[in-house]
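Structure first, commentary second.
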Amino acid sequence: MALAGNVSKGVDLSRWEIVIGLEIHVELLTDSKVFCGCATDFGGEPNTRVCPVCLGLPGSLPVLNAKALEYAVKTGLALGCEIAPFSKFDRKNYFYPDLPKAYQISQYDLPLCRHGHLDIEVNGEKRRIGITRVHLEEETGKSLHAGTSIVDSPYTLLDYNRAGIPLVEIVTEPDLRSPEEARIFLEELKRVVEFAGVSDVKMEEGSLRCDANISVRPRGETRLGTKTEVKNMNSFRAVQRALEYEAARQVAVLESGGRIEQETRHWDEAAGVTRGMRSKEQAHDYRYFPEPDLVPIVLTPEQIEKWRQELPELPAARRERLMREYGLPPYDAEILTTSRKLADFFEEAARQFPDPKMVSNWVMGELLRLLKAEGKELDQVNVTPARLVGLLQLIRAGTISGATAKEVFEEMFRTGQEAAAIVERRGLQQISDEETIRQLVQKAIAANPEAVESYRKGKEKAIGALVGQVMRETRGKANPQLVNRLLLEALGKPGQ
Amino acid sequence: MEKLSQEQVEHVARLARLALREEEKAIFAEQLGQILAYAAKIRELDLANVEPTAHVLGLTNVTRPDEVRPSLSQEEVLQNGPEVQDGYFRVPRIVEEG
Ligand SMILES: [Zn+2]
């Protein structure tokens, strides 16, 4: 295990077992907020998507967004949960101005979903991670701290545009046994939620966030050690790094005879360390009570079954099918299911082209390379499955070479033009006409007596100069296999 | 009748961000004790077959369609804010208490 920071240097983790549980918040992809009609779009001027309900003005009343309920239940179904036939909302009371009401509408003892699981594969081993619960709650507003950090800022600025966006909180069992496993779990969870169509899970926009509970215990011990809660991790990679650091820190403390304080620790990405909040030890007392402004939710088995039927194929099933139906290797299936859009793109193209592996190579290769280079999402670019197929057909027909095809693809990626049109306009068709190439070959032989001489004396590599000349003459468009064959025909075997 | 302890009253007051004078603490210790005793009467009943009440109305599943409705203007949103700055509410710095 790679260890970060000074505290963990020289710590031997092999005698210790790491126990991790995660708490993940995912924003649901509704148009309006969970209890009012304010829009949920990202960005915008501060405090412009706020109304009396999400501002908590006296006399306003929340009404549950039907879509948010549906998406929360679908999240639970996608994670194999039991759906509660009877559920309700509760107030979580706290004084923190990220919500203007001084409480958050959440769910306490009767969450919508419980007892689920998600299967992941870690180093070739299948692992089933338990999901304790999934419940629906409201997102908080955004706090901006003046000054360099929360500690030395003289005041705090508040924007309530995000306050009231529907959020599911997903809590796992303490089933994860390594920081790497935690990262792999999050990656799979992200895929499941995205495939289920309930969230766009953009971590950079904060629509998926994760806190972690972690403890260590000597191998063989069955009781759990004292845990710490690690917060402020902004990427899956950061989750793994933070937990690697924290596990090593805990082991170092225990091995030197110390004891672990149960506390919240912040991950400092730049320094690569977790830091205790130095807060007064005091258990949270949220004084949950049933939300009197919202009535309970009763779900019939028929309704739950209908939503279950509506769930699209989830990543694990899709990976299996891509391998089975298109004969793809596991690696390809894994990459192609990193997002539902990518998998859809592949399948739409593969259905129109006889060689699925070639489609997969282009999607995983050139398409992903350019998307990454441009920092774009698939739906922000002009390449469509049909256009990719158009390009692949040109390669298959020998109209263009593989090298030219990459060039055409880049232009197609930028302009959205059809491959055939780009090839036509730029005159990139491969020259495969034997007579034309034979003439060029003769010309090259006549113009390079030295190369011909040394080739005939047995220096096979000398033919390269001749091929080069033909390619130059045709600005790279001559069919290279044809040039080679005709040159060999004209020159005879070397040494003769 | 049970009285609340001084510590319990201080804890509850702290959670509600109420500053109580010493004589008020004594009054509330008494009064909150009475309220709890009154609520505790329910324990005298046999409730083995009674579902806990989640809501008094008896309604369920009141929802609205996922449709965007106009929000307030930024000016309207901020007009009751004691301090505002650049379109934001401004509050004293937040100190996490744990
Ligand atoms: Zn609102």
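What to note about this one:
Residue-by-condition table, conditions (1) surrounded by fewer than 18 Cβ atoms within 10 Å (Cβ to Cβ); (2) among the β-branched types (Val, Ile, Thr); (3) within 14 Å of chain B (Cβ to nearest Cβ); (4) not in a helix (DSSP H, G or I):
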site	(1), (2), (3), (4)
A:GLU302	yes, no, yes, no
A:ARG319	no, no, no, no
A:GLU334	yes, no, no, no
A:ALA343	no, no, no, no
A:GLU347	no, no, no, no
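- Pair list, Cβ under 8 Å, 6 or more apart: segment A:469-485 residue open to solvent by less than 30 Å² (accessible area, probe 1.4 Å), other residue polar (S, T, N, Q): A:ALA478/A:GLN430; A:ASN479/A:SER401; A:ASN479/A:GLN430; A:ASN479/A:SER432; A:LEU482/A:SER432
- Criterion violated by A:GLU453 - all others in (1) over 21 Å from A:THR404 (Cα atoms); (2) open to solvent by 30 Å² or more (accessible area, probe 1.4 Å); (3) in contact with a Leu (Cβ under 7 Å, 6 or more places away or on another chain) satisfied: (3)
- Among the candidates B:ARG64, B:ARG90, B:ARG69, the residue that is touching a Phe, Trp or Tyr at 6+ places or on another chain (Cβ under 6 Å), within 8 Å of chain A (Cβ to nearest Cβ) and not polar (S, T, N, Q) is uniquely B:ARG90.
- When A:PRO315 is tested against the conditions (1) more than 23 Å from A:VAL192 (Cβ to Cβ); (2) touching a Phe, Trp or Tyr at 6+ places or on another chain (Cβ under 6 Å), the lone failure is (1).
- Restricting segment A:29-39 to residues that are within 11 Å of the ligand (Cβ to nearest atom) and over 11 Å from A:ALA163 (Cβ atoms) leaves a set whose member that is farthest from the chain's Cα centre (by Cα) is A:GLY37.
- None of A:LEU243, A:LEU167, A:LEU136, A:LEU224 is assigned by TED's automatic domain parsing to the domain that holds A:ALA270, under 24 Å from the mean Cα position of the chain (by Cα) and not in a strand (DSSP E or B) except A:LEU243.
- In segment A:31-81, the qualifying residues are those that are of a type in the set (Gly, Ala, Ser) and open to solvent by 20 Å² or more (accessible area, probe 1.4 Å), and the one that is farthest from the other protein chains (Cβ to nearest Cβ) is A:GLY80.
- Complete set of residues in segment B:57-72 that are away from the ligand (no atom under 13 Å from the Cβ), hydroxyl-bearing (Ser, Thr, Tyr) and assigned to a loop (DSSP other than H, G, I, E, B): B:THR60
- In segment A:239-264, the residues that are at pLDDT 95 or above and under 28 Å from A:GLN107 (Cβ atoms): A:VAL239, A:ALA242, A:LEU243
- None of A:LEU371, A:LEU367, A:LEU328 is part of a loop (DSSP other than H, G, I, E, B) and of a type outside the set (Lys, Arg) except A:LEU328.
- Flag for A:LEU189 being of a type in the set (A, V, I, L, M) and surrounded by fewer than 17 Cβ atoms within 10 Å (Cβ to Cβ): no
- Among all residues of segment A:10-22, there is none that is open to solvent by 20 Å² or more (accessible area, probe 1.4 Å), touching a residue at least 24 places away in the same chain (Cβ under 8 Å) and within 16 Å of the ligand (Cβ to nearest atom).
- For segment A:271-282, the count of residues that are touching a strand residue (DSSP E or B) at 6+ places or on another chain (Cβ under 7 Å), open to solvent by less than 60 Å² (accessible area, probe 1.4 Å), outside any loop (DSSP other than H, G, I, E, B) and not aliphatic (A, V, I, L, M) is at least one.
- Test for A:ARG438: is it touching a residue at least 12 places away in the same chain (Cβ under 8 Å), open to solvent by 60 Å² or more (accessible area, probe 1.4 Å) and not assigned by TED's automatic domain parsing to the domain that holds A:ASP355: yes
- Across segment A:103-137, the qualifying residues are those that are in contact with a Cys (Cβ under 8 Å, 6 or more places away or on another chain) and open to solvent by less than 60 Å² (accessible area, probe 1.4 Å), and the one among them that is nearest to the other protein chains (Cβ to nearest Cβ) is A:HIS135.
The values are calculated or read from the model by the stated rules, or taken from the named source; none is laboratory data. These figures come from a predicted structure and were not determined experimentally. All Cβ positions, glycine included, derive from the backbone under ideal geometry; neighbour counts span all protein chains shown. Quick note on the areas: whole protein, heavy atoms, side chains included, nothing else; ligands and nucleic acids left out. Shrake-Rupley method; radii C 1.70, N 1.55, O 1.52, S 1.80 Å.
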